[in-house]
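Some notes on the structure that comes next.
Readers should treat all values here as calculations from the given coordinates under stated rules, not as data from a laboratory. Note that the coordinates shown come from a computational prediction; the quantities given were computed from them, not determined experimentally. Ideal geometry is used to build each Cβ from the backbone, glycine not excepted, and the neighbour counts take in all protein chains shown.
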Amino acid sequence: MIIETERLILRPFIKEDYEDVFEYLHEPSVHCFECMRLNTISDAEKEVASRVNETEYYFAIVLKENNKVIGEIDAFPEASDSHSENNVIKDVFSPCWMLNKDYQHKGYAYEAAYAFFNYLFESKGARRIYAYTEDYNTASKKLCEKLGMRKEAEYKEFISFVNNDDGTPLYENTLEYAVLKKEWNCHE
Ligand SMILES: CC(C)(COP(=O)(O)OP(=O)(O)OC[C@H]1O[C@@H](n2cnc3c(N)ncnc32)[C@H](O)[C@@H]1OP(=O)(O)O)[C@@H](O)C(=O)NCCC(=O)NCCS
């Protein structure tokens, strides 16, 4: 699947993308992506090779003007309530988004996410899209708001991605934003 916007192409990863991916994943700028850190270029090659067969839900964000992979966006289908056996329809998605820092604050994230949300709602059966973001992540919060997502919850000391200097878990406050398909139709 390929999604085209004015300035971007969203397409599945190809193995040649590893240098661009290494550029933005060798030092993740937020704690929640620490587990994705790539220490070496060879790690990047392996990581990108592991992505190439995923063609529906995991996209490289490519700048049309120079064909560079400037980031990524993905979301996979989930059931709305994992505690209920009656509810097995996978119509809920939770996107991860990340841009190379040299390409932030230019509206690319919004352009990519807007097109990705349209794709999920129109072509992949999405009923609800929700996003978690830490309370200090202004850029991600702004992106959610610009996409018309409602702030649904604020969870205190919800999750830990890294440790404090003394080795204890650093717990972070997490916000949840969401938009339903019927709200998205109104947003357009
Ligand atoms: C989150 C992320 C993808 C947003 O990218 P971006 O380049 O800032 O997004 P855009 O340029 O499309 O901006 C979207 C809106 O947020 C605003 N914004 C972005 N950063 C901001 C900041 N630090 N302070 C205030 N507003 C900000 C933009 O101005 C824009 O709103 P506007 O058009 O009304 O001005 C990017 O910051 C990133 O990759 N961060 C690291 C990874 C990450 O945190 N992922 C999310 C984990 S939950």
What is the Cα radius of gyration of the chain over 2.2 N^0.38 Å, N being its residue count?
1.04
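Using a simple charge model, +1 on the beta-carbon of Lys and Arg, -1 on the beta-carbon of Asp and Glu, nothing else, what dipole does the chain show about its Cα centre, in debye to the nearest 20?
Numbers: 22 positive and 36 negative charges, 137 e Å.
The calculation lands at about 660 debye.
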Under Karplus coefficients 6.51, -1.76 and 1.60, residue-wise ³J(HN,Hα) of region 58-64 in Hz, glycine/proline x:
10, 10, 7, 9, 10, 7, 4
Most packed first (mean Cβ within 10 Å per residue), the peptides 155-163, 88-96 order as 88-96, 155-163
Among 117, 76, 13, which one shows the biggest mean-square fluctuation in a GNM of the chain, springs joining Cα atoms closer than 10 Å?
76
Please sort through the DSSP H helices of the chain and keep those with an alpha-carbon extent of at least 20 Å along the long axis and a Kyte-Doolittle average not below 0.0.
108-123
Span per principal axis, largest first, for the Cα atoms of region 104-188 (Å)
48, 27, 19
Which lysines have a Cα lying under 22 Å from the Cα of residue 182, excluding residues fewer than 8 positions away in the same chain?
90, 124, 141, 142, 146, 151
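Before rounding to the nearest 500, sum -39500 (n - 2.57) across all DSSP H runs of length at least 4 in the chain and divide by the residue total; then give [θ] at 222 nm in deg cm²/dmol. Before the final figure, lay out each step's value.
Values: 5 runs with 49 residues, N = 188.
Taking each H run of at least 4 residues, the total per residue is -7500 deg cm²/dmol.
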